[in-house]
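This report refers to the structure that appears directly beneath it.
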Amino acid sequence: MTITLHQFGPAWSLPDYSPFCVKVETYLRMTRRPFRSAISDVRKAPKHKLPYVQDGDVVISDSRAIVAHFEAEAERPLDGGLSPEDRAASVAFRSLFEEEMYFLLVYLRWIVDENFRVFAPVFHRYVHVGAGIPKVFAPLIARVARKQMRRECWGQGTGRHSREDVEGRLHEIVDVLADQIGVGPYFLGSHPRTIDATAHGFLWSLLDSPNNSTAQSYALSRAPLVAYKERMLDEFFRAPVAGGTAAPVGMPS
Ligand SMILES: N[C@@H](CCC(=O)N[C@@H](CS)C(=O)NCC(=O)O)C(=O)O
């Protein structure tokens with residue numbers, strides 16, 4: 001059965017500019033599921049958000065639901081045998097990444113002028129290639145999208161903070177993540193778990209998106225985080241997989 005991962009598309013050294021899309025791609029690679037990537041129109045996504053996945057006749061949106069879908073059908077789910085303590089840690093860290101760190105990253109990318117100038121061409125390309133809108137309208141769509149992201153960040157609360165406060169909050173998260181990962185090799189120790197897909201998606205985005213931020217340089221200075229990202233890349237993105245080779249990073253397969 002073919003699995004199609006609908007996403008925004010590659011950017012810089014990442015397979016996607018959305019950490020949620022990188023999360024799902026990481027999960028599919030961790031579980032050695034063959035899949036194809038499609039750059040898709042977010043307006044046509046079931047919940048008007050990406051990623052979503054088509055697994056045969058089944059369409060699943062929301063990265064958490066996607067992971068739950070594959071975990072439920074797996075013979076050996078990644079989270080099988082997780083202790084109650086580790087399950088609690090996994091759920092709490094997932095929220096840290098997806099409900100707090102996400103908005104801090106959105107702030108840096110979409111609200112900080114100098115970073116938005118770097119992101120805009122990537123977004124323009126998506127508007128044209130992914131949503132099929134003529135290139136000439138891309139800057140206008142980017143302005144509308146930016147306004148919407150500002151509104152969302154303001155509503156959630158992060159948008160009301162200064163850039164310094166946002167960076168400070170990310171520094172705190174970076175410290176906590178470096179302590180948690182330590183020597184790893186995985187987020188919760190010796191076994192790869194679903195939280196590794198989330199952690200890798202968000203850490204890779206923080207470390208390698210071209211954001212000018214003290215949070216990024218601070219994260220890059222923390223050896224456990226950089227080593228973790230490199231380990232995840234080596235094992236799941238760069239290593240040959242059974243039945244073929246891993247798709248090159250940044251290329252839809
Ligand atoms: N809870 C969702 C979040 C996905 C999400 O926020 N996707 C963003 C990109 S990072 C999106 O599609 N934004 C488009 C929009 O809001 O119009 C998940 O886990 O998949």
Kirkwood Rh over alpha-carbon pairs of the chain plugged into Stokes-Einstein at 20 °C, 1.002 mPa s gives a D in µm²/s of 115 µm²/s
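Kindly state, to the nearest 0.05, the FRET efficiency for GLU100 paired with GLU75, given R0 = 41 Å and r defined as their beta-carbon distance.
Working: r = 34 Å, r/R0 = 0.83.
Computed FRET efficiency for GLU100 and GLU75 comes out at 0.75.
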Evaluate the relative contact order of the chain (contact order divided by residue number), counting alpha-carbon pairs under 8 angstrom at least 6 apart; express in whole percent.
28 percent
Counting only the heavy atoms of the protein chains, how much of GLU114 is accessible to a 1.4 Å probe, in Å² to the nearest 10?
70 Å²
Karplus 3J(HN,Hα) series, Hz, for the range 215-230 with 6.51 cos²θ - 1.76 cosθ + 1.60 (x for Gly, Pro)
5, 5, 5, 5, 4, 5, 7, 9, 3, x, 6, 5, 5, 4, 4, 5
Along the charge dipole of the range 102-158, pointing to its positive end and built from +1/-1 on Cβ of Lys, Arg, Asp and Glu, which listed residue (VAL122, THR158, PRO139) has its Cα farthest out?
PRO139
Lys and Arg at +1, Asp and Glu at -1: add these up for the other residues within a Cβ distance under 14 Å of GLY132 and post the number.
+3
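Please calculate how many Å² of accessible area the range 3-238 carries per residue, with a 1.4 Å probe and no DNA, RNA or ligand atoms counted.
On the way: 10590 Å² over 236 residues.
With all protein chains present, the range 3-238 gives 45 Å² per residue.
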Please list, in order along the range 144-156, the HN-Hα scalar couplings obtained from phi with the Karplus expression 6.51 cos²θ - 1.76 cosθ + 1.60 (θ = phi - 60°), rounded to whole Hz, x for Gly and Pro.
5, 5, 5, 4, 5, 5, 4, 4, 5, 5, 5, x, 6
How many nm separate the modelled label positions at ALA65 and ARG143, each set 7 Å beyond the Cα in the direction of the Cβ?
3.5 nm
Give me the count of lysine pairs in the chain whose alpha carbons sit under 24 angstrom apart, restricted to pairs 8 or more positions apart or on different chains.
10
Taking alpha-carbon centroids only, the range 74-102 lies from the range 139-197 a number of Å equal to 16 Å
Take the Cα of THR4, step 7 Å along the line toward its Cβ, and report every residue of the range 44-63 whose backbone nitrogen sits under 17 Å from that point.
44-62
Expressed as a percent, the accessible surface of the range 1-85 that is carbon or sulfur, using a 1.4 Å probe and the full set of protein chains, is 53 percent
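The values are calculated or read from the model by the stated rules, or taken from the named source; none is laboratory data. In this text the structure is predicted, and so the values were computed from the model without any measurement. Every residue, glycine as well, gets a Cβ built from its backbone with ideal geometry; the counts of neighbours run over all protein chains shown. SASA here: full protein model, heavy atoms, side chains in, ligands and nucleic acids out. Shrake-Rupley method; radii C 1.70, N 1.55, O 1.52, S 1.80 Å.
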